[in-house]
Amino acid sequence: MTGRTNEGDPPPIYEDLVRERGDVVADARAAAEQAQYQATQLLGSHPLHQPHPPRM
């Protein structure tokens with residue numbers, strides 16, 4: 001036993017790091033969601049038309 005009350009709870013060291021440095025995992029997740037949203041908006045509203053590459 002590690003002394004944790006619930007298996008889903010983060011270890012205490014993680015909570016200390018979040019307090020000291022911020023929640024990097026949550027920030028990265030939010031940035032990824034924002035990038036995905038922007039990509040969906042750009043690709044969904046402006047279909048890309050790519051002509052065939054020039055033949056050599």
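Any idea which of (1) at pLDDT below 80; (2) open to solvent by less than 80 Å² (accessible area, probe 1.4 Å); (3) of a type in the set (A, V, I, L, M) is the one VAL18 doesn't satisfy?
(1)
Which one of these is modelled with pLDDT of 90 or more and either open to solvent by less than 100 Å² (accessible area, probe 1.4 Å) or not in a helix (DSSP H, G or I) (or both): ALA39, ALA26?
Just a single option satisfies the conditions, and that option is ALA26.
Given the conditions (1) of a type outside the set (A, V, I, L, M); (2) open to solvent by 80 Å² or more (accessible area, probe 1.4 Å); (3) modelled with pLDDT of 70 or more, and given that PRO53 satisfies all but one, which numbered condition is not satisfied?
(3)
The values are calculated or read from the model by the stated rules, or taken from the named source; none is laboratory data. Remember, predicted model here, so these are calculated numbers, not experimental data. The accessibility values were calculated without ligands, DNA or RNA, using every heavy atom of the protein model including side chains. Shrake-Rupley method; radii C 1.70, N 1.55, O 1.52, S 1.80 Å.
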